[in-house]
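A.B. asks: Sharing a structure with you now.
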Amino acid sequence: MSKYVITIARGYGSGGKTIGKMLAESLGISFYDRELLRLASDDSGINEELFVKADEKVKKSLLFKIARKAYKGELIPPDSDDFVSNDNLFNYQAKIIKELAEQENCVIVGRAADYILKDCDNVVKVFVHAPLEACIKTLVDMTGKSEKEIEKQILSIDKHRADYYRYYTGRNWEDAKNYDLCLNSSQLGFDKCVEIVKDYLDIRFG
């Protein structure tokens with residue numbers, strides 16, 4: 001099989017991260033999620049905590065909502081006042097994602113990786129989702145929190161992810177046209193989702 005990268009966008013509570021880990025383990029390849037923040041910090045020299053604070057979130061000001069900073073690949077130099085801006089933090093994460101895609105087979109979760117690698121022919125773009133009720137049940141079972149509290153958390157986190165994605169890509173995060181595969185994890189189960197992606201890899205890359 002030729003070199004490939006699997007990107008996974010996921011609704012909160014859908015199990016996308018777990019499915020990504022299972023995929024990476026089954027395929028014997030690397031898995032990247034929050035590790036990207038450390039790698040971007042090491043590469044840029046910017047404190048990792050700043051990457052953590054900006055991770056998959058956008059500011060709430062009207063100006064920030066109106067502005068659209070679709071990623072184009074530029075890095076802001078260290079002598080600029082904007083060197084540690086959220087935009088440049090994203091740029092460094094994107095740089096790391098592109099380098100990983102060139103160097104190795106891997107699974108990358110979140111961070112608009114599907115868009116960053118949109119011009120690469122070796123990328124399989126996956127969106128994992130599940131009905132709200134299923135996500136609530138999953139997270140209630142995991143955390144012991146109330147259904148009302150979990151529902152509020154899901155809606156908030158998914159909104160942050162959608163805003164983040166739209167800001168840096170100009171696209172709708174849940175639009176099926178962005179992805180090769182859209183998988184309902186509550187109907188398929190995690191194991192079947194892994195099987196489907198692996199089957200797709202075999203069909204596409206041989």
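The values are calculated or read from the model by the stated rules, or taken from the named source; none is laboratory data. As the structure is a computational prediction, the values presented were derived from the model and not from experiment. Please note: Cβ atoms are built from the backbone with ideal geometry, for glycine as well, and neighbour counts cover all protein chains shown.
A.B. asks: Exactly one of (1) surrounded by 16 or more Cβ atoms within 10 Å (Cβ to Cβ); (2) in contact (Cβ under 8 Å) with a residue 12 or more places away in the chain is unmet by residue 205. Its number?
C.D. replies: Every condition holds for residue 205 apart from (1).
A.B. asks: Looking at segment 110-124, which of the residues that are among the hydrophobic types (A, V, I, L, M, F, W, C) and in contact with a Leu (Cβ under 9 Å, 6 or more places away or on another chain) is surrounded by the most Cβ atoms within 10 Å (Cβ to Cβ)?
C.D. replies: 113
A.B. asks: May I pose another question? Among the candidates 179, 200, single out the residue that is in contact with a Phe, Trp or Tyr (Cβ under 9 Å, 6 or more places away or on another chain) and not small (Gly, Ala, Ser).
C.D. replies: Just a single option satisfies the conditions, and that option is 179.
A.B. asks: Can you tell me which residues in segment 125-150 are outside any helix (DSSP H, G or I) and buried (at least 16 other Cβ atoms within 10 Å of the Cβ)?
C.D. replies: 125, 126, 127, 128, 129, 130
A.B. asks: For segment 172-186, give me each residue that is more than 18 Å from residue 17 (Cβ to Cβ), in contact (Cβ under 8 Å) with a residue 24 or more places away in the chain, surrounded by fewer than 17 Cβ atoms within 10 Å (Cβ to Cβ) and not hydrophobic (A, V, I, L, M, F, W, C).
C.D. replies: 180
A.B. asks: Provide a single number: the residues in segment 151-188 that are modelled with pLDDT of 95 or more, under 20 Å from residue 5 (Cα atoms) and either among the basic types (Lys, Arg) or in a helix (DSSP H, G or I) (or both).
C.D. replies: Selection size over segment 151-188: 3.
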